[in-house]
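A short worksheet on the structure shown next.
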Amino acid sequence: MYGIDGRQKLDELTLDHLKGHENSRPVRIGNAAYQQLQLDVYGEMMDCVYLARKYGDPISYAGWQDVQRILAWISKNWQRADEGIWEVRGGAREFLHSRLTCWVAFDRGLRLAQKRSLSDPVEEWQNTRDAIREDIFTNFWNNELQSFVQSKGTKDLDASVLLMPLMRFISPVDPMWKATLRAIESRLVEDTLVHRYEAERTHVDGMPGGEGSFTARSFWYIECLARAGELEKAQLLFEKMLGYANHFGLYSEQLGSNGQHLGNFPQAFTHLALIVAATYLDRTLSGTDGAVWR
């Protein structure tokens, strides 16, 4: 994490004399997340590298050396607890999403090496990728809930697991995944609005109170439904989500219970999820190839 002037030390300070939009508090400058470990960023970066090389120019020699250094680091650190995608303040955990993206990093590295005939420690990468996969199915599946859970040893649900089929980790029609999707629907979904997790119950983020729904997750949920063959429901919910946009067709990070826009506005993350879901729905409903991105 960097400041706009390139600094890496972003000490956080709370300004108690100020209040944010609609009296939201606390108001902070700086960002304590610069001290956090977020393993998910490595998988997201490797997915970007893979896609850029798949649809663009081949990777350079120096670039491939960098990829190998990154994967060597992940192979030694993927089992660590971290603060994860949500930059939680309630303490580091072994998050499923972080574990998933570590799997993505090795999967994409192997795909890239195979497609471009690049030298790589193929056996080592395959072994690590497979060990991560086995760890997820063994330690993050809760048989009582019939669902994958947010972090190891808990019964908490997290909408970030919606990425599991979208990142090609699990089939969108796998019985374990469909059971997870039903569990998410029962505990995190209100019509077409999807909450990140049960904030008031879990306190994983270290913050008091609840929060709005996370808009990007709604579009991930819609894409998961479409990939699972529930096209009519996916299309209906997608059209409902379009109704939450403002008069410019833009979305914030979150939506409140009354449809008000909350958090970062406009948020690129949200609009990217919208575009991908729309593209998949369009291709599937029109009968053309439904494969998007991968």
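The values are calculated or read from the model by the stated rules, or taken from the named source; none is laboratory data. Here the structure is a predicted model, which means the values were calculated and not measured. Note that each Cβ is placed from the backbone with ideal geometry, even for glycine, and that neighbours are counted across all protein chains shown.
A quick yes/no check of all residues on (1) over 16 Å from the mean Cα position of the chain (by Cα); (2) surrounded by 14 or more Cβ atoms within 10 Å (Cβ to Cβ); (3) at positive phi; (4) not in a strand (DSSP E or B):
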residue	(1), (2), (3), (4)
F106	yes, yes, no, yes
K115	yes, no, no, yes
R129	yes, yes, no, yes
D135	yes, yes, no, yes
T154	yes, yes, no, yes
R168	no, yes, yes, yes
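Restricting segment 209-228 to residues that are at pLDDT below 85 and at negative phi, the residue that is surrounded by the fewest Cβ atoms within 10 Å (Cβ to Cβ) is G210.
None of D57, D11 is assigned to a loop (DSSP other than H, G, I, E, B), within 30 Å of G212 (Cβ to Cβ) and of a type in the set (D, E, K, R) except D11. G63 falls short on exactly one of the conditions (1) modelled with pLDDT under 95; (2) under 26 Å from F148 (Cβ atoms), and that condition is (2).
All conditions but one from (1) closer than 18 Å to T180 by Cβ; (2) buried (at least 22 other Cβ atoms within 10 Å of the Cβ) apply to V88; the one that does not is (1).
Once segment 12-60 is narrowed to residues that are small (G, A, S), within 16 Å of R111 (Cα to Cα) and surrounded by 12 or more Cβ atoms within 10 Å (Cβ to Cβ), the residue that is modelled with the lowest pLDDT is A52. Scan segment 60-95 residue by residue and report those that are outside any helix (DSSP H, G or I) and among the hydroxyl-bearing types (S, T, Y). Result: S60, single match. For S98, which of the numbered conditions (1) out of contact with any Ser or Thr (no Cβ under 7 Å at 6 or more places or on another chain); (2) more than 22 Å from D47 (Cα to Cα); (3) in a helix (DSSP H, G or I) fails to hold? Result: S98 fails condition (2) only.
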